[in-house]
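Inspection log for the structure reproduced underneath, given as structure tokens.
The values are calculated or read from the model by the stated rules, or taken from the named source; none is laboratory data. Quick caveat, the model's predicted, so the values are computed rather than measured. Counting neighbours? That spans all protein chains shown, and the Cβs are built from the backbone with ideal geometry, glycine included. Keep in mind that these areas ignore ligands, DNA and RNA; they rest on the heavy atoms of the full protein, side chains included. Shrake-Rupley method; radii C 1.70, N 1.55, O 1.52, S 1.80 Å.
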Amino acid sequence: MTTSTHLVRRRRFLPLFVTQLLGAFNDNLFKNALVFFVVYSVYDSDTAEANFSALSSFLFILPFFLFSALAGQLADMRDKARLIRFIKMAEIAIMSVGAAGLLLAWKGMAVQGLAVPLMLAALFGMGVHSTFFGPIKYAILPQHLHENEVLAGTGLVEAGTYIAILTGTILAGWIPVEWAAGGVVVTALIGYVSSLSVPPAPPLVTPEPLDFHIFRSSAALVRNTMEDRRVFLAIMAISFFWSIGAILFIEFPPLAKNVLGASKEVASLFLVIFSIGVAIGSVSINALLKGRVSARYSPYAVLVMACFVVAFEQTCVMWPSSDGTLMDVPNFLVQPLAPVLLGTLGGIAISGGMFVVPLYAFLTTFVHKSQAARTIAANNIVNSGAMVVGAVLAAGLSALGVLVIQQLLLAAALCLVSAWLALRLCRAEGCGASA
């Protein structure tokens, strides 16, 4: 915690931290405003709502699969601080399109034919924005921080990301659509201003020609990065984790509405609890590991996560049937099973944060600093593929008539795979006896 407090006062970390926090906030304010509007104002079908939620997740994730290789090349071969400023300028334009879609949605049903495509286009654009920013925000840490600060810095970035998700989610569920439209543009402008203070981070290798062939460069990057067994295991463990996250985030809005009989504010509360939990887990694992980058606790953390997922699913099964009236937050919180439901959800998130943060820190410290961005980019490609598979599975199961509540057990099963991979990584890095 002392290291974390020290870092947030330093220019080599604070401007980056604020910039990435604002970007994550904007992503989630916009995405959740879009999903909540469509789920609660357009559709009245469990399957249609789940499918739209899956579609929106797919559009946001797709750019990670398509452009991560190019993003990793750029981040390792150009000044990272300069790239951040270009990316933040693009965010202003993307959010202007998204704001137009939200404003048209606010005008009423007659213009939804244009509003939804504009919002989905902006969602795809924000996916592109995050694709290019993601490798930088992790790869720049070993370049600006001391070796014993990298785990703390990675934990703070993850915690900040989820605090931003928390704030964006709360606002998306509570403020009017027209306020969200203005908010995303203003946030993009502030994010650009904060990016101007990020210190230079010049390339650590001689720049090479960029390979713009999407599929060839992606395949080559993943193949070369994952030749090392430990990197392969870390990336695969993270990927299964994010496929779990994709399933859970897709299911939350329709689960709240159709299983629990709750309003969009309650769906927002679920995402809030999840975000707080991941932030707590992200910071606390640094204290547990005492600043040492290691996956020794990751197998335990994800097994605990699986137990909490099953407990969450069982609580949903026992939830009393709704009379058709959607509960607001105060009415939801007085339900007898509400504390158990929110407690298990928090447990999922805390254990998830403790699982994934050491793995990200491992990826950026195990390889040479000049390769860090491309390693994160390769990780993002595999992660995005796993998240797309998770989204497709959720949509496919909904189309086959599998209830949303039953799909939670799929997430629990994937936790077991992540635990097995993390255990193998522990043994490969030499902590098998302790793990």
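Dipole of the chain (Lys/Arg Cβ +1, Asp/Glu Cβ -1, origin at the Cα centre): which of Val97, Trp242, Leu189 lies farthest to the positive side?
Looking along the dipole axis, the top candidate is Leu189.
Keeping all protein chains in place, calculate the accessible area per residue for segment 228-276 (probe 1.4 angstrom), answer in Å².
With the other protein chains kept in place, segment 228-276 gives 21 Å² per residue.
Considering only protein heavy atoms and a 1.4 Å probe, what is the carbon-and-sulfur percentage of the accessible area of segment 49-160?
The nonpolar share, carbon plus sulfur, comes to 73 percent.
Please state the charge dipole magnitude for segment 196-247, taken about the Cα centre, from unit charges on C-beta atoms (+1 on K and R, -1 on D and E), reported in debye and rounded to the nearest 20. Intermediate values should be presented prior to the final figure.
On the way: 4 positive and 4 negative charges, 32 e Å.
Taking the Cα centre of segment 196-247 as origin, the dipole is about 160 debye.
Taking only the C-alpha atoms, wrap a convex hull around segment 282-383 and report its volume per residue in Å³ as a whole number.
147 Å³
Choose one answer from Leu288, Leu408, Leu221: the residue with the largest mean-square fluctuation in a GNM of the chain with alpha-carbon springs under 10 Å.
Leu288
Assign unit charges at the C-beta atoms only (+1 for Lys and Arg, -1 for Asp and Glu), then state the dipole size of the chain relative to its Cα centre in Debye, rounded to the nearest 20.
The dipole of the chain has a size of about 1320 debye.
Using helices alone, what [θ] at 222 nm do you get for the chain, with -39,500 (n - 2.57) per DSSP H run of 4 or more residues, divided over all residues and rounded to the nearest 500?
Mean residue ellipticity at 222 nm (helix-derived): -27500 deg cm²/dmol.
Restricting things to alpha carbons, find the Rg to Rh ratio for the chain using the Kirkwood radius for Rh.
Over the Cα atoms of the chain, Rg/Rh equals 0.95.
At a Förster radius of 25 Å, what calculated FRET efficiency corresponds to the Cβ-Cβ distance of His213 and Ala93, to the nearest 0.05?
E between His213 and Ala93, to the nearest 0.05, is 0.45.
Mind checking which helices in the chain clear 24 Å along their axis (Cα) and have mean Kyte-Doolittle hydropathy of -0.5 or more, DSSP H runs only? Could the numbers behind the result be given before it?
Values: long enough: 14-41 (39 Å, 1.11); 46-77 (47 Å, 1.04); 80-107 (40 Å, 1.00); 112-144 (47 Å, 0.89); 150-174 (36 Å, 1.35); 177-195 (27 Å, 1.34); 229-254 (39 Å, 1.42); 264-289 (38 Å, 1.77); 298-318 (30 Å, 1.58); 338-366 (42 Å, 1.62); 372-399 (40 Å, 1.18); 404-429 (38 Å, 1.46).
Qualifying helices, which must be both long enough and hydrophobic enough, are 14-41, 46-77, 80-107, 112-144, 150-174, 177-195, 229-254, 264-289, 298-318, 338-366, 372-399, 404-429.
Normalised by the empirical 2.2 N^0.38 Å for globular proteins, what value does the Cα Rg of segment 182-292 take?
Compared with the compact-globule rule of thumb, segment 182-292 sits at 1.55.
Expressed in nm to one decimal, what extension gain is obtained for the pair Lys107 and Ser322 from 0.36 nm per residue of sequence separation less their Cα-Cα distance? If you can, show how the numbers build up before the last one.
Working: separation 215, 0.36 × 215 = 77.40 nm, distance 3.10 nm.
Extra length available between Lys107 and Ser322 comes to 74.3 nm.
Can you tell me the FRET efficiency between Asn224 and Leu204 if r is taken as the Cβ-Cβ distance and R0 is 25 Å, rounded to the nearest 0.05?
The value I calculate is 0.90.
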